[in-house]
Amino acid sequence: MAPAPHPKLTGITDLLLSGWWQLHAQMMLPPFLPFHYWMYKHGAHFTSRRWFPVQYVMAPLKACNGEPIPDAADMDIDALLDYIIQKHSLNYDAMYQHIYEGYGKSHDRLCNWSPKDFEAMTVENKDVVSLRTGLQLEEPAAKVRGADTLCLQNYGRPYNESGKPSGTYYKYAKTECVPSYGEWIPAGTHPVGL
């Protein structure tokens, strides 16, 4: 029997964004930074057939029951996804769309951005408009985005003399162990399909 989920983590798996961008494993907990949300809304983040949500990856692995897919290393991604549909009836495109929509719902549930938290906004990632005056500013959108990232990122503090993050470590380790991934996901509850 699997251990019960850690009380503080109950329901968190529904909000996590986890998967592989080509060969890089990534896990995120929204909300997105404003620019990343804009990219998400425009289909430029977690790109289909380049982003593989963990829910999709786990489904074929489970269906294959430990058996390798013949010639998988020599297949392009479309051939591999077609093989998985034919052999295991697991449709990447349908699962991806469902999971992708869930990312937006996670962002909506967790974001608490307020216009008063910002001095300006970008319109369609091009024009920068003052939230106080409504006037277009001369500042490039990329510069505003960079300033947002530095202000909102949660790692690398303190900054060095040139304003760059000085490291990505946490030096205040807790004495209580954080549960491992498998400890806080009850057996049989990890979403692997539609």
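The single condition among (1) touching a residue at least 24 places away in the same chain (Cβ under 8 Å); (2) in the same structural domain as Pro30 (by TED's automatic domain parsing); (3) surrounded by 12 or more Cβ atoms within 10 Å (Cβ to Cβ); (4) not polar (S, T, N, Q) that Asp78 does not satisfy is (3). When Gly102 is tested against (1) under 30 Å from Ala142 (Cβ atoms); (2) crowded, with 18+ Cβ neighbours inside 10 Å, only condition (2) is not met. For region 44-55, the condition holds for at least one residue, the condition being that it is assigned to a helix (DSSP H, G or I), out of contact with any Phe, Trp or Tyr (no Cβ under 7 Å at 6 or more places or on another chain), over 30 Å from Val123 (Cβ atoms) and not basic (Lys, Arg). Here Pro53 passes the criteria (1) at pLDDT below 85; (2) under 13 Å from the mean Cα position of the chain (by Cα); (3) not hydrophobic (A, V, I, L, M, F, W, C) except the one numbered (1).
The values are calculated or read from the model by the stated rules, or taken from the named source; none is laboratory data. Nothing here was measured: the structure is a model prediction, and the numbers come from that model. When we count neighbours, we look across all protein chains shown, and the Cβ atoms used for this are built from the backbone with ideal geometry, even at glycine.
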